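Q: This is the structure I have questions about; it appears just below.
Computed from the coordinates by the stated procedures, all read-outs in this text should not be read as laboratory data. Just so it is clear, the structure is predicted and the values come from calculations on it, not from any experiment. All Cβ positions, glycine included, derive from the backbone under ideal geometry; neighbour counts span all protein chains shown.
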C-alpha cells in the first residue's frame with residue numbers, strides 16, 4: 001500500500017514490489033498464489049481501513065442526518081488526502097473470486113443502507129425512500145465528486161473550488177433524503 | 001486523425017528494404033489502436049513504447065516517427081476515447097429523437113460504454129492528458145459540453161425547473177453516472193445489490209431524471 005500511495009495502482013507489479021522490499025519477485029509468490037491474490041489482500045485491507053475511518057467518525061453523530069454528513073465528508077477527504085489509494089479503492093483490477101474482499105465491500109454498503117433506513121424510521125429522512133436505491137445514489141455521488149476533485153483535468157466537468165463542489169454535492173445528496181418543506185414546488 | 005509527427009523517415013540507407021516496407025505499412029492510427037488495446041487489457045501502466053513496439057513487431061523508435069513523445073501518444077489515446085464516447089452519446093440520443101427519451105437512452109449508453117471499455121474509461125477520467133498541447137481538439141471538453149446541453153434541454157421541458165442551476169445539475173448527473181459506471185465496472189454494485197447491471201442502470205437513470 002505504501003508503494004500504491006506513492007506511485008499509484010499502476011506501480012503494483014511483482015517487479016516493483018520486489019525492488020521495494022529488496023527481495024526477489026519469487027519471494028512474493030511464497031506468500032501469495034499470484035499478483036491477483038496480493039492485490040486482493042491489499043484491497044481488502046484498504047477497504048477495512050476506509051470503512052473503519054469513515055464509520056467510526058459517523059457513529060459519533062447524534063442524528064442520521066449528521067452521520068450522513070460526516071460519512072460523506074470523510075469519504076471525500078480520504079480521496080483528497082490519498083488520491084492514489086482512492087483510485088486503487090475504486091478501480092482495483094481484480095480478476096479472480098475473493099470472498100473476503102466482497103464481504104468487506106458489502107459491509108460498507110450495508111452500513112450505508114442501514115443508516116438511511118434508520119433515518120427513515122426516525123422520521124429524519126423521507127418515508128417513501130428505498131434505502132438501497134438511496135444508498136447507491138449517495139455512493140455514486142461520493143465516488144463521482146471525489147473522482148472529479150482529484151482529477152488532473154477536473155475542468156472538463158466543473159471549475160468550482162474543491163470545498164464548493166463538496167458542500168454542493170453533499171447538499172444534493174441530502175436533498176434526496178430529507179423531507180421536503182411544505183409548499184415546495186416539487187410537491188405541489 | 002491529426003497527430004504530431006516527428007522526423008518522418010530514417011536517413012537513406014539506414015533501413016533495409018524489408019524494414020522500410022514493414023514500417024510504411026504502419027501509420028499513427030495503428031499505434032493508437034495498439035496502445036488503446038493494451039490500456040484496455042492491462043491498464044495504462046502497461047502502455048510503454050517498448051510494449052507497443054513489441055506487439056507491432058517494430059522497434060520502440062518507430063513510435064517516435066509518428067509521435068513526439070509517449071505523452072503525445074497517450075494524449076491521442078485519451079482524446080480518441082472521448083471522441084468515441086461523444087459519438088456514442090450523439091448517435092444514441094438521435095436514435096431516440098433527442099429530448100427526454102434521447103437523454104434517458106444516452107445515460108444508459110454512457111454507462112454501457114464504460115462497462116465495455118473499462119481500462120480506457122478509467123484512463124479517460126484519471127489521466128492528465130492534454131491533447132490541446134499537441135494541437136488537437138479536446139474531445140473531453142466536447143463530450144462534457146454535450147452532456148450539459150442534454151441536461152439543459154431536459155430541464156427546459158420540465159415545469160418549475162428554472163430555479164435550479166442547469167450547470168450544477170449537469171455536474172451532479174455526471175457524478176452519478178461516473179459513480180455508477182465505476183462501481184458497475186468493478187462488478188461490486190451487482191454483488192451487493194443483487195440487481196443485474198441493466199436494472200441498476202435503469203433505477204439510477206430514473207433517479208437522475210426524477211432529480212432534474
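Q: Helix A:99-121 versus the longest principal axis of chain A: what is the Cα-based angle in degrees, 0 to 90, to the nearest 10?
A: That helix lies at roughly 10 degrees to the long axis.
Q: Hey, with R₀ at 41 Å, roughly what FRET efficiency would residue A:97 and residue A:175 work out to, going by the Cβ-Cβ distance, to 0.05?
A: So, using R0 = 41 Å, E works out to roughly 0.60.
Q: Determine, for A:143, A:70, the number of other Cβ atoms within 10 Å of each Cβ, and report the residues in order from fewest to most.
A: A:70, A:143
Q: In the Gaussian network model of chain A, springs joining C-alpha atoms below 10 Å, which of A:171, A:105, A:60 carries the largest mean-square fluctuation?
A: A:60
Q: The protein assembly as shown: D in µm²/s via Stokes-Einstein (Kirkwood Rh, Cα pairs, 20 °C, 1.002 mPa s)?
A: After rounding, the answer is 94 µm²/s.
Q: Follow-up. Can you sort B:124, A:26, B:56, B:70 from fewest to most other Cβ atoms within 10 Å of each residue's own Cβ?
A: A:26, B:70, B:56, B:124
Q: Return the inverse of the average 1/r over all pairs of distinct C-alpha atoms in the stretch A:1-48, which is the Kirkwood hydrodynamic radius, in Å to one decimal.
A: So the Kirkwood estimate lands at 10.9 Å.
Q: Right, something else. Go ahead and run the numbers for FRET between residue A:118 and residue A:161, Cβ-Cβ distance against an R0 of 30 Å, rounding to 0.05.
A: For residue A:118 and residue A:161, the calculated efficiency is 0.35.
Q: Quick check: from the Cα gyration tensor, does the stretch B:66-156 come out rounded (a/c under 1.5), prolate or oblate?
A: Here the stretch B:66-156 falls in the prolate category.
Q: Just report the Cα centroid separation between the stretch B:84-130 and the stretch B:176-212, whole Å.
A: Centre-to-centre (Cα) distance: 15 Å.
Q: For the stretch A:69-133 and the stretch B:54-75, what is the separation of their C-alpha centers, rounded to whole Å?
A: 41
Q: Which of these, A:54, A:101, A:157, has the largest mean-square fluctuation under a Gaussian network model of chain A (Cα springs below 10 Å)?
A: Of A:54, A:101, A:157, the Gaussian network model singles out A:157 as fluctuating most.
Q: How many Å³ per residue does the convex hull of the Cα positions in the stretch A:82-186 occupy?
A: In the stretch A:82-186, the Cα convex hull volume per residue is 142 Å³.
Q: Here's something else I'd like to know. When a/c reaches 1.5 or more, the comparison of a/b and b/c decides; with that in mind, is chain A rounded, prolate or oblate per its Cα gyration tensor?
A: In terms of gyration-tensor shape, prolate.
Q: Can you give me the relative contact order of the stretch B:75-211 as a percent, contacts being Cα pairs under 8 Å and 6 or more apart?
A: Contact order relative to length: 28 percent.
Q: A further question on this structure: If I fit a long axis through the Cα atoms of helix A:35-58 and take the longest principal axis of the Cα atoms of chain A, what angle between them do I get, 0 to 90°, rounded to 10?
A: 30
Q: Where does each of A:111-117, B:192-198 land if you order them by average Cβ count within 10 Å, highest first?
A: Ranked from most to least packed, the peptides come out as A:111-117, B:192-198.
Q: Relative contact order for chain A using alpha-carbon pairs under 8 Å, separation at least 6, rounded to a whole percent?
A: Worked out over chain A, it gives 22 percent.
Q: How many nm separate the modelled label positions at residue B:68 and residue B:132, each set 7 Å beyond the Cα in the direction of the Cβ?
A: Calculated label separation equals 1.6 nm.
Q: How big is the stretch A:1-89 along each principal axis, measuring the range of its Cα positions in Å and listing the largest first?
A: 52, 22, 17
Q: Does the stretch B:75-211 classify as rounded, prolate or oblate by the C-alpha gyration tensor (a ≥ b ≥ c root eigenvalues; a/c under 1.5 gives rounded; else a/b over b/c gives prolate, otherwise oblate)?
A: Because a/c hits 1.5 or more and a/b fails to exceed b/c, the stretch B:75-211 counts as oblate.
Q: Quick check: pseudo-label points 7 Å beyond the Cα along Cα→Cβ at residue A:63 and residue A:27, how many nm apart are they?
A: Placing both labels 7 Å beyond Cα along the Cβ direction yields 5.5 nm.
Q: Separate question: What's the average, rounded to a whole number, of partner chain beta-carbon atoms within 10 Å of each residue's beta-carbon in A:140-151?
A: Whole-number average of other-chain Cβ neighbours for A:140-151 is 6.
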